[in-house]
Amino acid sequence: MSALCVTIDGKDITVESGATILEAARTAGIDIPTLCHHPALNDIGACRMCLVEIAGVPALQPACTYPVADGMVVQTESERSVQMRKFVLEMLFSERNHYCMFCEMSGDCELQAQAYRHGLAHWTYPTPNPRLPVDASRRFFLMDHNRCILCRRCIRACSDVVGNHTLGVMARGAHTMVTADMDQPFGDSTCVSCGTCLQVCPTGALVDRRSAYMGRHADVQTTESACAFCSVGCAITVVTRNGRPLRVEGGFDGPNAGVLCARGRFECLEGRERVAQPMVRRNGELTPATWDEATTRVADAFRAARPGAVHAWMTAVALTETMDAMADAFRNRLGAEVSLLSRPPEGPLPNGGALADIDAADRILVVGGDLRETHPVVAYRIQRAADHDAAITLVADGPSSFSAMAHEAFPMARLNDACKECQDAARPVIVYSADLPPEARQALSGLSTGARLIPLHSAANMPNALTLGLGGAAAWEECDLLYVLLQDGVLTEEQRERARSAAFVVLHAAYRGPDDDLASVLLPAPLWHERAGTFAAMDGRRAVVKPSTRRPESVWPEAAVFEGLAARV
Amino acid sequence: MPKPKVATDWLGDCAGCHMSLLDMDERILAVLSKVQLTSSPITDLKHPPPDGVEVGVLSGSINNTSNLAVARMMRKRCKCLVAMGDCAVMGGILSLRNAFDMKEALQRAYVDTPSTVDGFIPESDELAKPLRNRPVDQVVDVDVYLPGCPPSADAIFHALCELAEGRTPILEGETLKYD
């Protein structure tokens, strides 16, 4: 890479060769208007908003795709470029329905912002206003083709960032339409509802059902946090207004490179009834109670229980601070046997790899599990790497949602053969389920010194649970008291059956659910966007979770509940 | 020199643009010191005088045969025609109806609405006939565009002052808004 010198709007700028005019201009603080350009996407020069004048080049050129050359002289605001941009804008406004007055994006729309910047007071060309469909076949967001400017950001997000290749265009010219697969309704297509396209759409063409019309960017608050639903630890921005969560956006600077899964972006905000206050069982019915009444009952039950017959189950999704507080209070002060709701892996977990390593990998070995289900963001990253010629080797028993894209597949019994395939790779990455048997993990760690290994845990904060030495739920002879920190989850059928044999069950949960009928006392836990703390992500990172909404006063932080109980007993 | 005459009128709209005009508050006095307001929907005299005005202001879209007649009369009687507000400039909210069949729209408005009892679609030769909704410039020539839903009092004040001085108003910054 050599340095080149260009002159843009009279400023001398030195950039690395290979930089585009747009990149060079932005390093010098020169703002060339853009529409189809997005920092996380590959540029294609589709919209022609960034046309600039280059000395010696007869036609105007798009700044986003035109590489700089040494000694190049560029005018970004010449009369000819500005006139041409206005013309482009007038054409864009004439094509479909771009009435701002009833558009969800008005105020945050990039097309509107360009019209303001260029002083468009009316529409120069007639607006034929074709009546285009609105595709509302997806659960979380819809596509209004009438607002689409065909910038293809959504298509590039789908193919270049997520590697899913669902979106494309059909037909030509004014009849061009964004489509899914072979012109399927979006809801019936291969779309995985990751919502990356929704996040990058510059206009009101892609609309989030939940947060539509709920507030413009200037009206809302944002909190940078981490998604704690699985061990990937994606960077998220939680958008809230007046203490209510509106939507979740992916952090482009985070390890997830802007990508989230349907669970982390949409499902986590779906309306579930929360446990709003403590409840105790009276005459067989769960009825509201004060904290004092509820904790008195629990404390009485603790005192009445025989030593050795007190058990506590904890979700391994709990944040480190909550986990540590619970382990300390229940083991050391309440004399309970603490175990995890999900079975922890035994033995060492070779690790050291991160999501970013997948991008550079030439061979990726996927061993066990079904990542598209359990860790979708890792699966998308592997899909993306496959587009860049990484060979994918799948080792799994039975069908996997990943098998269609694997170049080779082996049954688990032939793990060693799969490992041999990877021996010659220059930059191998091994993504494996942490629940593999120890000997399989042993085989992986012996594979090659250069390999990056990424263990996928069954629960977000499993690494911290392992440092606390917590195990899976042990069998009991008799149980006088069972305390379950459930948070957002639900019990398995087997766990529910075991809990029934306990004489007294305390359920500490964020949402009402099928397990409530087990509870003698139901205690409210904060919702995910009310929690503060950290957790150990799969790559060893300490992910920081910040609260984006305020916890209601009737819901106490979990650690305070444990402390209060320990003090009473 | 006599003060230039200004007339305003409204077509298919919600009256919001004229509310915004009143929202100039005491600045209306400053405007009236520069121009003579001959007529408007919110004064006693409703129609522009037959001998004409310098500036005609229309808010609202062409939505029925009456709007069409009012727009044509204003165009004939003014030298400079201002389209005020998103409906006049771009067609506005009533354009949503263009996506539906007219019969369907009337049935919905006069009969099917949940609050309507014994509804019927009114029909009389004295009533204007609904038309496909259009912005003003698709019917008569427009000289000055003042978008906004509604345009702010600042935008209207700026436009009227510029016109009174014989200049073409240019909206920029906060005065240029589409919603």
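Quick look at the values:
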{"item": "Folded to 0 to 90 degrees: helix B:153-164 orientation relative to chain B principal axis, Cα", "result": "60"}
{"item": "Whether region A:150-191 is rounded, prolate or oblate, judged on the alpha carbon gyration tensor where a/c under 1.5 counts as rounded", "result": "oblate"}
{"item": "5 angstrom amide H check on A:R209, placed H, neighbours 5+ away", "result": "A:F141, A:L142"}
{"item": "Residue of B:R97, B:R108, B:R75 that the Gaussian network model of chain B assigns the largest fluctuation, springs spanning Cα pairs under 10 Å", "result": "B:R108"}
{"item": "Label zone at B:M1 (point 7 Å along Cα-to-Cβ), backbone N below 14 Å, region B:159-174", "result": "B:162-168"}
{"item": "Of A:G163, A:S231, A:A205, farthest towards positive along the dipole that unit charges on Lys, Arg, Asp, Glu beta carbons give region A:134-243", "result": "A:A205"}
{"item": "Rg to Rh quotient for chain B, alpha carbon positions, Kirkwood Rh", "result": "1.01"}
{"item": "Value of D in µm² per second that Stokes-Einstein yields for region A:461-535, Kirkwood Rh from Cα pairs, at 37 °C (0.692 mPa s)", "result": "240"}
{"item": "Extension reserve of the A:D31-A:D324 stretch, reckoned as 0.36 nm per residue once the Cα distance is removed", "result": "100.5 nm"}
{"item": "Full-extension gain in nm, A:E563 to A:K546, via 0.36 nm per residue minus C-alpha separation", "result": "3.9 nm"}
{"item": "Centre separation in Å (Cα based) which lies between region A:125-188 and region A:374-448", "result": "34"}
{"item": "Calculated P(r) tail over 15 Å for region B:1-51, as whole % of Cα pairs", "result": "52"}
{"item": "Förster radius 22 Å - calculated FRET efficiency between A:N42 and A:D389, Cβ distance, rounded to 0.05", "result": "0.85"}
{"item": "Ranking by accessible area, most exposed first, for A:M177, A:M143 with a 1.4 Å probe", "result": "A:M177, A:M143"}
{"item": "Approximate spin-label separation A:R496-A:A532, in nm, with each point projected 7 Å along Cα-to-Cβ", "result": "3.6"}
{"item": "Base-10 log of normalised Debye intensity for region A:259-387 (one unit scatterer per alpha-carbon) at q = 0.10, 0.16, 0.20 Å⁻¹", "result": "-0.60, -1.06, -1.31"}
{"item": "Contact order normalised by residue count of chain A, Cα under 8 Å, 6+ apart, percent", "result": "13"}
{"item": "Size of electric dipole in the protein assembly as shown: Cβ of Lys, Arg +1 and of Asp, Glu -1, about Cα centre, debye, nearest 20", "result": "720"}
{"item": "Bins of 5 Å from zero: percent of alpha-carbon pairs in region B:105-179", "result": "3, 12, 14, 13, 12, 9, 11, 11, 9, 4, 1"}
{"item": "Evaluated at q = 0.14, 0.24 Å⁻¹: base-10 log I(q)/I(0), Debye formula over Cα of region A:274-330", "result": "-0.55, -1.13"}
{"item": "Separation between Cα centres of region A:504-569 and region A:26-104, rounded to whole Å", "result": "50"}
{"item": "FRET efficiency for A:A174 and A:R272, using Cβ-Cβ distance with R0 set to 30 Å, rounded to 0.05", "result": "0.10"}
{"item": "Beta bridges per DSSP with both ends in the protein assembly as shown, % antiparallel, nearest 5", "result": "45"}
{"item": "Projected label distance in nm at B:Q138 and A:D183, using a 7 Å step from Cα toward the beta-carbon", "result": "2.7"}
{"item": "Distance (nanometres) between label positions extended 7 Å along Cα→Cβ at B:T43 and B:A30", "result": "2.0"}
{"item": "Length gained when the stretch A:H165-A:R139 is fully extended (0.36 nm per residue, less Cα-Cα span)", "result": "7.4 nm"}
{"item": "Highest-fluctuation residue, B:T38, B:T65, B:T116 considered, GNM on chain B with Cα pairs under 10 Å", "result": "B:T116"}
{"item": "Calculated SAXS-style log₁₀ I(q)/I(0) at q = 0.05, 0.06 Å⁻¹ - the protein assembly as shown, Debye, Cα scatterers", "result": "-0.38, -0.53"}
{"item": "Dipole magnitude of region B:1-95, debye to nearest 20 (Cβ charges: Lys/Arg +1, Asp/Glu -1, about Cα centre)", "result": "460"}
{"item": "Antiparallel content of DSSP bridges confined to chain B, in %, to 5", "result": "15"}
{"item": "Principal semi-axes in Å for region A:429-569 [√(5λ), Cα gyration tensor, largest first]", "result": "33, 22, 13"}
{"item": "Cα centroid separation, region B:108-179 to region B:1-67 (Å)", "result": "13"}
{"item": "Computed over chain B: relative contact order in percent, which uses C-alpha pairs under 8 Å that are six or more apart", "result": "26"}
{"item": "Region B:122-138 - phi-based ³J(HN,Hα) in whole Hz, Karplus 6.51/-1.76/1.60, Gly and Pro as x", "result": "x, 9, 6, 5, 7, 8, 5, 9, x, 10, 4, 6, 9, x, 4, 6, 8"}
{"item": "Within chain B: Cβ-based charge dipole about Cα centre, in debye rounded to nearest 20 (Lys, Arg +1; Asp, Glu -1)", "result": "540"}
{"item": "Region A:52-105, relative contact order in percent, only Cα pairs under 8 angstrom and at least six apart counted", "result": "33"}
{"item": "Kirkwood Rh, angstrom, region A:1-148 [1 / mean 1/r, Cα pairs]", "result": "17.0"}
{"item": "Probe 1.4 Å, all protein chains present, accessible-area order of B:D118, A:D253, B:D179, largest first", "result": "A:D253, B:D118, B:D179"}
{"item": "Estimated FRET transfer efficiency when R0 is 56 angstrom, pair A:T467-A:E77 (beta carbons, to 0.05)", "result": "0.45"}
{"item": "Principal axis dimensions, region A:79-131 - Cα atoms, whole angstrom, descending", "result": "33, 25, 14"}
{"item": "Accessible area (Å², per residue) of region A:426-518, counting only protein heavy atoms and a probe of 1.4 Å", "result": "40"}
{"item": "Nearest-10 value in Å² for the accessible area of B:S39, using the 1.4 Å probe", "result": "0"}
{"item": "Shape metrics for region B:64-145, restricted to C-alpha atoms - Rg then Dmax, Å", "result": "15.2, 47"}
{"item": "Per-residue HN-Hα couplings for region A:334-346 [Karplus 6.51, -1.76, 1.60; θ = phi - 60°; Hz; x = Gly/Pro]", "result": "9, x, 9, 8, 9, 9, 9, 6, 10, 6, x, x, 9"}
{"item": "Stokes-Einstein translational diffusion, region B:80-126 - Kirkwood Rh over all Cα pairs, 1.567 mPa s, 4 °C, in µm²/s", "result": "100"}
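The values are calculated or read from the model by the stated rules, or taken from the named source; none is laboratory data. Computed from a predicted structure; not experimentally measured. All Cβ positions, even for glycine, are placed from backbone atoms using ideal geometry, and neighbour counts span all protein chains on display. Surface accessibility is based on the protein's heavy atoms, side chains included, excluding ligands, DNA and RNA. Shrake-Rupley method; radii C 1.70, N 1.55, O 1.52, S 1.80 Å.
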